[in-house]
Amino acid sequence: MKLKYKSMIGGAAVLASVAASAIAMSVPAVADHHGHIVAAVNNDARPEQEVARDVNRKPTDVLLFAGVKPGMTVLDINSAAGYYTEILSHAVGDEGKVYAHNGAVYWAFMQKKAPARFEQRLKNVVPVNEDSESVNLPENSVDLVMSVLAYHDYFFNHEARKQPEDMNAVLTSIYNSLKPGGAFVVIDHQAEDGTGSEMGDKLHRINSEFVKEQVASVGFKVDSESDILANPEDNGTTSPFSPELRGKTDRYIIKFVK
């Protein structure tokens, strides 16, 4: 399977496949990595309604790009019902750990329907419910942080959010939780060029350049980007919840590194 992405290492933008990437994995290592992810996505325990969403969400390609491996500790930011939490749980295995994070706003939606699977089946998943969006985990303890269709919600106005988020504090807490060399992967609905935080509340979208600038401000570097979830027919001006676009928006994937 070929996965195209743009590498930002050394300031050069190039197209490459993961198998041929200079990021530093040997061919056997890539193959082994891919096999674990495929097995996790195809795990029979996954709920049927979530499996049905795979065709548009492409979790195998996403997690291969993210670099998920057995034994990792992963933080799933604002994990909601746990679509990715479940797959990550299977992918990191018994030696790994997944923190299923939900901040105050997400928890306001989820607390009455929190997935029982975390306690019943997924023993390596640790629910983390916070009063704010800042992450309260030990420094240098996490290999990978994933924020899937959730970054824009830092700017969503809701009664559970007592005041606007201090984004410097939020992003610094994520940065501090990561081990040196750890990755922060952001996936979100693309918004129009030149727009900023207002689109998170107005349209549940956020522009990728705005995200890059904000995340870089606390010390992260852009490692690479992927267009595997891109949809050029989406102009970024319609709600992601509209029937014609739901699950098919123009989504970017950015991997930042510490």
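Listed conditions (1) at pLDDT 85 or above; (2) touching a Phe, Trp or Tyr at 6+ places or on another chain (Cβ under 9 Å); (3) of a type outside the set (Asp, Glu); (4) part of a loop (DSSP other than H, G, I, E, B) are all met by Leu3, apart from (1). Go through the range 67-95 and give me each residue that's in contact with a strand residue (DSSP E or B) (Cβ under 9 Å, 6 or more places away or on another chain), buried (at least 24 other Cβ atoms within 10 Å of the Cβ) and of a type in the set (A, V, I, L, M). Across the range 67-95, the qualifying residues are Val68, Val74, Leu75, Ile77, Leu88, Ala91, Val92. Of all the residues in the range 136-146, those that are under 16 Å from Ile77 (Cβ atoms) and either modelled with pLDDT under 95 or surrounded by fewer than 18 Cβ atoms within 10 Å (Cβ to Cβ) (or both) number 2.
The helices (runs of 4 or more DSSP H) falling completely within the range 79-184 that include 2 or more residues that are over 16 Å from the mean Cα position of the chain (by Cα) and touching a residue at least 12 places away in the same chain (Cβ under 8 Å) map to 104-110, 117-120, 167-177. Inclusion of Ile253 among residues that are touching a residue at least 24 places away in the same chain (Cβ under 8 Å), of a type outside the set (Phe, Trp, Tyr), within 25 Å of Gly181 (Cβ to Cβ) and crowded, with 20+ Cβ neighbours inside 10 Å is warranted.
A single entry from Val74, Val68, Val62 fulfils the requirement of being under 25 Å from Asp227 (Cα atoms), among the β-branched types (Val, Ile, Thr) and assigned to a loop (DSSP other than H, G, I, E, B): Val68.
The values are calculated or read from the model by the stated rules, or taken from the named source; none is laboratory data. This structure is a prediction, so every number in the text was calculated from the model and none was measured. Glycine gets a Cβ as well: all are built from the backbone with ideal geometry, and neighbour counts include every protein chain shown.
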